[in-house]
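Student: Can you read through this structure? Questions will come right after.
Every number here is computed from the coordinates shown, using simple stated rules; none is lab data. Computed from a predicted structure; not experimentally measured. Don't worry about glycine lacking a Cβ; one is built from the backbone with ideal geometry, like all the others, and counts go over all protein chains shown.
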Amino acid sequence: MGSPNKPQRGSHGYWPRKRAASPVAKFNTWPDVDGEPRLQGFAGYKAGMTHVLMIDNRAESMTSKQEIVVPATVIEIPPMKVAAVRTYEKTPYGLKALTEVWADKDKLDKELARKMSVPKKKSERVLDEKGVADVRVIAYTTPSLVSGIPKKKPDVMEIRVGGKDIKKRLQYALSLLGKDIKVEDFTKPGEMVDVSSITKGKGFQGVIKRFGVKLLVHKNSKHRRLIGTLGPHYPSYVTRNIPQAGQLGYHQRTEYNKMVLKIGTSPDDVNPSGGFLHYGLIRNPYLVIKGSVPGPVKRLIRLRDPVRRTSDGMKVEITYLSRESKQGV
C-alpha cells in the first residue's frame, strides 16, 4: 500500500495578510502603449452582478459561435474629473515626481476640499518635455452623483497618459485639465482590462477559516480549531509560513484580462426590478464586465490597460441581459 500524500491546504500566495492601507487600490505598473495619447485607466463603483446571454467569441472554445450564459458584474461609472497633471523623471532609483500643474479652483468640485487641500490659484508653471519620462493625471471620482454610495468625498488617484510621443502626451494631459473624462476615453466593448479593488473584509479569524487547515481529531485535548504545532524547536522562533489567526479580507487584489461586455448610458437597460441588492438603482453610465471582480458592492473598482494582454479587441454580441429581481421574489 502506498503512503498517503495530501498537499498543503490553503494559499500562501499573499503575505503578510494585513488590511489594505487605503480603500483606493494602487497600480505600481502601467503598460506601454503606442499610437495617439489616451488615458490608461478609470474607476467606478460596483453595483452588483447579473447574467447575460452572448455568442461565444472564443475561437478555440467547444461552444464557439453558440449562445452561452455567463455571469457579469455591473459597475456604475460616473464621469471623473482631472484636477492636475504630474510629470515624472527617470532616476537610478526609479521614477521621481518632477513637477505638476493644477487646474483653477473654480473648475474643480467643492467636494474635493473634503479630501485634500486644493491650491487656491491655478499653477503658473510651464510644462515642457525636457527630462520627462512619464506623464500622469491626478483625477478624482464624483460619488455625489451616485445614489447608491452614501458619501460625497471623492476618491483621488493617478491615471497614466499613454502614447508614443512625450510632447503629445503632455499636450493631451493639459487639454484635460479641469474637465470631465468619460470611460469611452479609456476603453470600449470587447477590450480586455485589469481590475483591482479591495476585497470584502472579514475581520480577525482563526486558522481554520483563514488558511483552510484541517481540524484536529476529536480525541485532541481542549481544542480542535487550532494548529497542532508552531514549528520545529530550531530555529527558536515562529517562522512566517506557520498559519496563525489574524486579519482576513480587506486585501488589495488584482485580476487580469477581464473582458468589457458593454458600456451603456441608459440605466433602464440594466437596472433590475427593485434595484441591485444593498445598492439601489444605477443613475449614471455603466460598464458590464464578464465574470466577477474583487470587493463587495459599493466598493471602488479601478480599471487599467492589461499588462499581460492575451488577446486584442473581440466582437461582443449580447442577446439578453437579465433584469430580473435580485431579491428572490
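Student: What list do you get for Ile208, Ile301 if you sort them by fewest beta carbons within 10 Å?
Tutor: Least to most surrounded, the residues fall as Ile208, Ile301.
Student: Among His251, His223, His233, which one moves the most in a GNM of the chain with springs linking Cα atoms closer than 10 Å?
Tutor: Maximum fluctuation in the GNM of the chain, among the listed residues, is at His233.
Student: Spelling out what I want: for every residue of segment 314-325, take phi, set θ = phi - 60°, compute 6.51 cos²θ - 1.76 cosθ + 1.60 (Karplus), and round to whole Hz; glycine and proline get x.
Tutor: The phi angles translate into 10, 6, 10, 10, 9, 9, 7, 10, 5, 10, 5, 4 Hz.
Student: Consider the candidate values [x] 23.5, 80; [y] 20.8, 64; [z] 24.0, 101; state which one is Rg and Dmax of the Cα atoms in Å computed from the structure displayed.
Tutor: [x]
Student: Quick one: among Arg308, Arg58, Arg283, which has the greatest mean-square fluctuation in a GNM of the chain with alpha-carbon springs under 10 angstrom?
Tutor: Maximum among the listed residues: Arg58.
Student: Give me the percent relative contact order of segment 56-123, please, defined on Cα pairs under 8 angstrom at least 6 residues apart. Numbers along the way, then the final one.
Tutor: Details: 58 pairs, mean separation 13.5, N = 68.
Relative CO of segment 56-123 lands at 20 percent.
Student: Just to confirm the number: angle between the C-alpha axis of helix 166-175 and the first principal axis of the chain, 0 to 90 degrees, nearest 10?
Tutor: 80
Student: OK, next. Highest GNM mean-square fluctuation, the chain, Cα pairs closer than 10 Å: which of Gly295, Gly212, Gly162?
Tutor: The residue with the greatest mean-square fluctuation here is Gly212.
Student: Could you work out the relative contact order of segment 121-258, using alpha carbon pairs under 8 angstrom and six or more residues apart, expressed as a whole percent?
Tutor: 23
Student: To the nearest 20 debye, what charge dipole does the chain have about its Cα centre, counting +1 at the Cβ of each Lys and Arg and -1 at the Cβ of each Asp and Glu? Write down the numbers at each step before the final one.
Tutor: On the way: 60 positive and 32 negative charges, 397 e Å.
So the dipole magnitude of the chain works out to roughly 1900 debye.
Student: At 222 nm, what helix-only mean residue ellipticity would the chain give, in deg cm²/dmol to the nearest 500, using -39500 (n - 2.57) for each DSSP H run of four or more?
Tutor: Here the helix-only value at 222 nm equals -1000 deg cm²/dmol.
Student: Using the Cα centre of the chain as origin and beta-carbon charges of +1 (Lys, Arg) and -1 (Asp, Glu), tell me which of Val126, Leu248, Ser144 is placed farthest towards the positive end of the dipole.
Tutor: In the chain, that residue is Leu248.
Student: Among His278, Leu226, Gly313, flag the residue with its Cα farthest along the positive direction of the charge dipole of segment 215-329, charges on Cβ as +1 for Lys/Arg and -1 for Asp/Glu.
Tutor: The Cα lying farthest towards the positive end belongs to Leu226.
Student: Pull up all non-local amide H partners of Lys262: gap of 5 or more, or a different chain, and H-to-H distance under 5 Å with H placed in the peptide plane.
Tutor: When sequence neighbours closer than 5 places are left aside, the close amide H contacts are Val288.
Student: Quick one: what are the phi-derived ³J(HN,Hα) couplings along segment 80-88, Karplus 6.51/-1.76/1.60 with θ = phi - 60°, whole Hz, x for glycine and proline?
Tutor: These are the phi-based 3J(HN,Hα) values: 9, 10, 8, 9, 7, 10, 10, 10, 10 Hz.
Student: Decide, for segment 76-184, between rounded, prolate and oblate: order the square roots of the alpha carbon gyration tensor eigenvalues as a ≥ b ≥ c, take rounded if a/c falls under 1.5, and otherwise choose prolate if a/b is larger than b/c, else oblate.
Tutor: Prolate is the answer for segment 76-184, as a/c is 1.5 or above and a/b outweighs b/c.
Student: Whole-Hz ³J(HN,Hα) for each residue in segment 248-256, computed from phi via Karplus 6.51 cos²θ - 1.76 cosθ + 1.60 with θ = phi - 60°, x for glycine and proline: what do you get?
Tutor: The phi angles translate into 10, x, 6, 10, 6, 9, 10, 10, 9 Hz.
Student: Here's something else I'd like to know. How do Thr265, Thr142 line up, fewest other C-beta atoms within 10 Å first?
Tutor: Numbers: Thr265 10, Thr142 19.
Neighbour counts put them in this order, fewest first: Thr265, Thr142.
Student: Write down the Kirkwood hydrodynamic radius of segment 174-229, to one decimal in angstroms, obtained as one divided by the mean of 1/r over all alpha carbon pairs.
Tutor: Answer for segment 174-229: a Kirkwood hydrodynamic radius of 16.9 Å.
Student: For His218, His51, which order do you get if you count the other beta carbons within 10 Å of each Cβ and list the fewest first?
Tutor: Working: His218 6, His51 13.
So the ranking, lowest neighbour count to highest, is His218, His51.
Student: What is the magnitude of the charge dipole of segment 181-329 about its Cα centre, with +1 placed on the Cβ of each Lys and Arg, -1 on the Cβ of each Asp and Glu, and no other charges, expressed in debye to the nearest 20?
Tutor: In total the dipole reaches around 1040 debye.
Student: Past the 23 Å Cα-Cα mark, which pairs from Lys214/Lys258; Lys81/Lys121; Lys258/Lys298; Lys152/Lys298?
Tutor: Pairs exceeding 23 Å: Lys214/Lys258.
Student: Could you work out the relative contact order of the chain, using alpha carbon pairs under 8 angstrom and six or more residues apart, expressed as a whole percent?
Tutor: That works out to 28 percent.
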